[in-house]
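Engineer: Starting off with a structure, shown below.
The values are calculated or read from the model by the stated rules, or taken from the named source; none is laboratory data. On a predicted model such as this, the values are computed, not experimentally measured, just so you know. A quick note on method: Cβ atoms are made from the backbone with ideal geometry, for glycine too, and the neighbour counts reach across all protein chains shown. Side chains are part of the model used for accessible areas, which takes the heavy atoms of the whole protein and leaves out ligands, DNA and RNA. Shrake-Rupley method; radii C 1.70, N 1.55, O 1.52, S 1.80 Å.
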Amino acid sequence: PADRLLGVVNTAQATVQGAPLLLFVRDDVLLQPGAVRALVTEVFRSNAAIVGPKLVDADDPGLLVDVGGAIDHYATPFNPIEPGERDQEQHDAVRDVFAVSLRACMVRADLLATLGGVDVACGPAADVDLGWRARLVAAPVLVVPDAVGHVVAGQAPRSEEHTSELQS
């Protein structure tokens with residue numbers, strides 16, 4: 001199902017005409033009020049190409065889930081937060097990251113078109129691949145911690161039937 005969700009990103013990119021920004025939010029993420037405004041503001045303030053919110057656990061908002069990703073010198077992706085790390089505002093600065101989670105992100109539509117969309121073949125690493133290709137064209141990728149998304153544990157992504165409807 002996650003691979004099918006990636007296809008929805010490409011479908012939206014090909015279908016939506018005239019929008020300067022595309023916002024993607026999976027079913028297991030609930031954005032806090034003001035999160036979209038914070039993402040849009042940062043895109044225009046910093047001329048960013050891809051922005052993502054800080055993601056926290058919905059049942060325990062003090063538990064960090066994602067604050068953008070990095071890669072090491074061997075090009076291996078890693079999450080900079082430790083398992084069970086508590087949110088103590090240690091990641092609350094807008095910062096350049098290698099990738100943001102495709103669970104919730106805003107992408108400039110022109111960049112997504114230039115990059116040819118998301119590479120569905122990358123599966124769970126599609127966010128890293130998209131960040132990598134954005135860097136190759138000097139497009140900034142930022143995490144915006146003023147935008148917060150709550151990840152709902154156990155929430156399944158859209159059913160395959162619903163996803164198929166979105167793709168057709």
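Engineer: What nm distance separates the two modelled labels at F44 and T76, each placed 7 Å from Cα along Cα→Cβ?
Structural biologist: With each label point 7 Å from Cα toward Cβ, the separation is 4.3 nm.
Engineer: Considering only protein heavy atoms and a probe of 1.4 Å, how much of the accessible area of segment 7-79 is carbon and sulfur, as a whole percent?
Structural biologist: Details: 2130 of 3730 Å².
Accessible surface attributable to carbon and sulfur in segment 7-79 totals 57 percent.
Engineer: How large is ³J(HN,Hα), in whole Hz, for each residue of segment 102-113 in order, when computed from phi with the Karplus curve 6.51 cos²θ - 1.76 cosθ + 1.60 and θ = phi - 60°, using x for Gly and Pro?
Structural biologist: With the stated coefficients, segment 102-113 comes to 6, 4, 7, 7, 10, 10, 5, 4, 5, 5, 4, 5 Hz.
Engineer: Sticking with this one: Where does each of 99-108, 67-76, 81-90 land if you order them by average Cβ count within 10 Å, highest first?
Structural biologist: Put in order of decreasing packing, that is 99-108, 67-76, 81-90.
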